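Read the structure below first, then the notes.
The numbers here are math on the coordinates, done by the rules we state, and not lab data. Bear in mind that the values here come from a model prediction, so they are computed numbers and not experimental data. A quick note on method: Cβ atoms are made from the backbone with ideal geometry, for glycine too, and the neighbour counts reach across all protein chains shown.
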Amino acid sequence: MAYLEIKDVHLGFGTPDNRTEVLSGVNLSVEENEFVAVVGFSGSGKSTLIALLAGLLQPDSGEVMVAGQPVKEPSPRLGIMFQNYSLLPWLSVYENVELAVKQVFPDLRGSALTDHVNRYLTMVNLLPATAKKPGELSGGMRQRASLARTLSMQPEILLLDEPLSALDALTRGNIQDEIIRIWEQDRRTIVMITNDVDEAVLMADRIVPLTKGPRATLDEGFEVGLARPRNRTTLNTNPEFRQLRSQISRYMRTLNDESKQLNQQTIVDLPSTMPIDFSVLPNRPAKGRRRPPIFDRETTFFK
Amino acid sequence: MAETTAEKIKYRILRFLDITGFTVFDPMVRLAFGEEPKKQTEAISKYFLIPILFVMLCTGLWWVIAPKHKTKSGEVPTPDVVWRAATINDTFSSREQIKADDFILSGSEREATLLAVTELIATREADLEILNQALAQHEADYAQQLEQRIAPLKAKLATLSGQNRELRSVAKAAITEAAAQFEAGQVASEAVVAAVRNERQVYADGRASESLIKQAIEAIRSEKYKPMESARLSVNAVANELQFLNKRVDFLSDSNRSLKVAEAEQKLAAQKAELAAATTAKEAISLAKRVVRSEDSLERLSGQQYASAMTVYKQIQRSLFTVFVGFIMAALIAIPLGILCGLSRIAMACLTPIISIFKPVSPVVWLLIFQIVVGAFFLDPDSHPLFLFFDSLPWLGALGINPALIFSACTVAMCAVWPALVNTALGVASIDPDHVNVARVLKLGFWDRLIKIIIPSALPLVFAGLRISLGVGWMVLIAAEALSSSDGLGKFVWDEYQNGSSFSFANILYACFVVGGIGFLLDRMMIILQRFVSFDGGGTSL
C-alpha cells in the first residue's frame, strides 16, 4: 500500500443548486520518500488539492490516507508550505520558526531549542537575518523562512504549494537547489505543486498533471528517469530531458482549450504586393556630390 | 558604508520625529545636517512657512473681525485679550501656590520673606497712587469728551420730545372733537376710531424717533475710550497685586502655620503646667481632658495645608484624571467584549442591536442617567468608605474625588466604549485566513491561538479604536463637566459663562484653546502607541 493515497476524492464549493465541482474523481498514490510534482494550470484546483492533503479541507466523498490512517485534521506531521508564506508579521524569523518548534517539540528548552531552530535556519541560509521581521525581508528570504519553519517541524510529508511561483528566476534556481539538497540529505515524501514543467522535471521523481478545472482529475503520471544529482546546466542538452519535457508540455497543451487553439496549424495567405524596385529611381546627388556607393549595389526583389 | 556619528544622530532624530508624527520638522533636521540644502529649504517653505503664514492670516482675520461684532456679553475678544486672560489665570494660579508655600514657611525664612513683602507693599502702594491719579485724569478727559459729543444729541432729543408732546396733544384734542361731533350726530363712529388710531400712531412715531436718538447716545456712551481702559486695567492689576501681597503678609504673620503651632504649643505647655499644679481629682480630670483636646488640635494644625481655591491648572489635572479613569474603564469593558464578539458570531449578533441603539446616544443623557443610577450607591458621600479611602491616599486626596467625578468618568466610559468595541471586534474577526491556517497546522490550543495569533494580529485595529475612544472621551468629558458639578475644564467654562465678568468671554476662548491643545497631545500619545504596535508600517491619518 502506498504511503500517501488519495482515493476517488470529490470536492465542490457552493450551494447544492449552484455547485462548482473543483476536484472530481482524483486518485493519487505516493510512495514513501518519493518526490512527486503536480503540474497544472492556474485555477485548476491545485491549492485545493494540497489543502486536502494537509487536512485543511475535507472531501465530499472519497478518502485521503496517510500511512493507512485517514487524514481528518491538519497536524504538524503534514508539513504544508503555503503559497504566500504565511509568516506571522509581528514575529521575527527566529520567533516564527521557534513558534512551530515549540508546538511540535514541547520538551525542547533553552539551548537545545536554540540549536534546533538555528540548524534549520542555517539549512536555508538565513542565519544573518534571524532577527528581522518578515516585512523587512525579500520574497526569496520569506520563502526560505517559510521552508525553514516547515522543515523544523520535521514533518513526515512535505506539501509544497507552488513554493517558487512568486519569485524571480534566479532566486527560484537557488531555492530549487536548496530543496533538492535538503531532500537528498534527509529523505522525505514530498508533494510539490508547480506550474513550471522544467522545474518539475528537474526536481521530481514523478510528474502528475492536473487536468483543467472544474472537475479536475489527476492523470497518469510521467516517470522521470533522469539520474540524480541532476545538473541544471547540462540538463538542457540531455535528450531524455528534452523529450520528457516536450512530451509533458504537449500533453498539457491538449488539456487547455486556449492552448489547443494556439496549437492549430493554420496557413495564412500573405497579401500579394510587389516591393518597390529602388534601383530604377533617379538618384542624382546634389551638385558636386558623389553618389554614395551603396546605391551602386544590386538590390533586386521580385521582378 | 559606515555611518558617522553625525549621521547616526541625524537618523535617530529623524526616526523620533517619524514615530511621534512630527514629520513636518524633517527638512529642518536634514538642513541642519547639511543634506541637500536647496531641496530642504524648498520643503520648509512649502510645508512649514506657508502653513504658518496661513495660520497668521486666520489670526489676523480674527483680530479684525472680532471687534466688529457686538454681543450682549461685550465685544468678541481679540487674540491679545485672550492672551491677557491666559496670563491672568496663570498669575492667579502661581499666587495660590505662593500663598500655600507661605502658609507653611517658618523660622528665619519666614521673617526674611515678611520683610521683603512689606517693602514690596510700600513700593506698590506708591505706584498705585500714581496710577490712580492718571486714571482720574483719563476719566475726567473721557467725561469731558463724552459731554461734548452727547450735548448736541441731547439738545436734539429735547426739541424732538417737545415737538412730539405738541403733536400728541393735538391728536388728543382731535379725539375729543371727533367724539363731540359723534355725540352731536355729525359724523359716524368710524371717525372716532380713526381719531383714536391716529393718536396711537402719533405716539408710536414719536417714541420711535426719540428712541433712535437715544440709541445713538447709548452707542456713543458704550464706546470704549482706550487710554482710560488701559489705565483702569493697570490700576486693577496693581490693586489685585496689593491685595495678594496683603494676604501674603497675613499668611506670613498671623495666619502662619508655624506661628499658630508655636502659640498652640505654648498654650499646651501652660495647660500642662496647670494640670501639674492641680489639687483635686475632679479638676485634674477636666484639665487632663483639656490637655488631650489641645494635643489633638496641635497635631491637626501641624499637618494643615492652605486650602487654595481652584485654579485652572488644578482643573486641568482633574479633567485629565477623570478622562483617564473613564478611558480605562471603557478599554477594560470594550477589549474583552470585542474579542468575544470577534470570535463568536452569535455574540456579535447578540450585541449588534445593543451597540446600534446605544452608540448614538448623547453624553448629556448618559450623565443624567448615571447621576441618578450611580448616585444611589453614594447616598451619603461624605462618610462613604470609598471616598474616605481615596482622600487618605497622598496624591489622589489632593484631587478631591467626589461622586460628581465618578458620574463624569462613567459618562466618558459609556460614550468611549463603542469605538473601541467595534474596532476590536473588527480586528479579531478579520484575521488573515493564512494565519488561522498556520494555527490549525501547528495545532495550537484555544488560549495559545488567542494570545499568540489572534490578539497580536488584531492589535493595530484595537489601538486605532482606542485612539478614537480617547478623542471621543475627551470631548464628552468637557460637556459632562459643564453640566454636572464635577470640577474641571468644563466647569471652568460653565462658571465663566455664568459669571459675566469682563474677562469671561476671553476665558471661554482661552479654555477652548486649552481643551484643543490637550486633545491634540492625547491624540499624539495614542498615535505613538499605535505606531509601536503596528507591524504593517501603516501610516495614520491626521
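Each residue of the range B:245-257 is assigned a 3J(HN,Hα), and the resulting list reads 5, 5, 5, 4, 4, 4, 5, 8, 10, 6, 8, 5, 5 Hz, derived from the Karplus form 6.51 cos²θ - 1.76 cosθ + 1.60 (θ = phi - 60°), x at Gly and Pro. Summed over qualifying helices (DSSP H, 4 residues or more, each -39500 (n - 2.57)) and divided by its residue number, the protein assembly as shown shows a 222 nm mean residue ellipticity of -21500 deg cm²/dmol. Checked against a 27 Å cut-off, the cross-linked pairs B:Lys46/B:Lys70; B:Lys10/B:Lys39; A:Lys133/B:Lys452; A:Lys212/B:Lys443 give Cα-Cα distances beyond that limit for B:Lys46/B:Lys70; A:Lys212/B:Lys443. Estimated translational diffusion coefficient (Stokes-Einstein, Kirkwood radius over Cα pairs, 4 °C, 1.567 mPa s) of the range B:345-460: 73 µm² per second.
Residue by residue along B:459-465, Cβ atoms of other protein chains within 10 Å of the local Cβ number 0 on average. Note on B:437-449: average number of Cβ atoms from other chains within 10 Å of each residue's Cβ is 6.
What average count of beta carbons from other chains do you get within 10 Å of the Cβ of residues in A:80-90?
On the way: counts 4, 1, 4, 1, 2, 2, 8, 3, 10, 8, 10.
That average works out to 5.
Summing charges over all other residues whose Cβ lies under 10 Å from the Cβ of B:Arg449, with Lys and Arg as +1 and Asp and Glu as -1, gives +2.
Order A:199-208, B:430-439, A:66-75, B:276-285 from most to least packed using the mean count of other Cβ atoms within 10 Å. Present the calculation step by step, with values, prior to reporting the outcome.
Details: A:199-208: 22.2, B:430-439: 17.1, A:66-75: 14.8, B:276-285: 10.1.
Packing proxy ranking, top to bottom: A:199-208, B:430-439, A:66-75, B:276-285.
The alpha carbons of the range A:4-234 give a radius of gyration and a Dmax of 17.8, 57 Å, in that order.
Taking the DSSP bridge list for the protein assembly as shown and keeping only pairs wholly inside it, about 50 percent are antiparallel.
To the nearest 0.05, what FRET efficiency results for B:Glu265 and B:Ser383 with a Förster distance of 45 Å applied to their C-beta separation? Intermediate values should be presented prior to the final figure.
On the way: r = 32 Å, r/R0 = 0.71.
For R0 = 45 Å, the calculated efficiency reads 0.90.
Stretched out fully, how many nm does the piece from B:Phe358 to B:Thr20 gain, at 0.36 nm a residue minus the Cα gap? Walk me through the intermediate numbers first.
Values: separation 338, 0.36 × 338 = 121.68 nm, distance 3.40 nm.
In short, 118.3 nm is gained.
Suppose R0 equals 60 Å; then what is the FRET efficiency for B:Glu218 and B:Phe520 from their Cβ-Cβ distance, rounded to the nearest 0.05? Between B:Glu218 and B:Phe520 the formula returns 0.90. In µm²/s, what is D for the range B:256-302 at 4 °C and 1.567 mPa s, where D = kT/(6 pi eta Rh) by Stokes-Einstein and Rh is the Kirkwood radius from Cα pairs? Approximately 119 µm²/s, per Stokes-Einstein.
Using only Cα atoms, figure out Rg for the protein assembly as shown and give it as a multiple of 2.2 N^0.38 Å.
Values: Rg = 46.0 Å, N = 845, 2.2 N^0.38 = 28.5 Å.
Compared with the compact-globule rule of thumb, the protein assembly as shown sits at 1.61.
Taking a straight line from the alpha carbon of B:Lys226, these aspartates and glutamates sit under 18 Å away, with near neighbours fewer than eight places off in the same chain left out: B:Glu75, B:Asp80, B:Glu139, B:Asp141, B:Glu147, B:Glu218.
Note on chain A: antiparallel DSSP beta bridges, both residues inside, total approximately 45 percent of the bridges counted.
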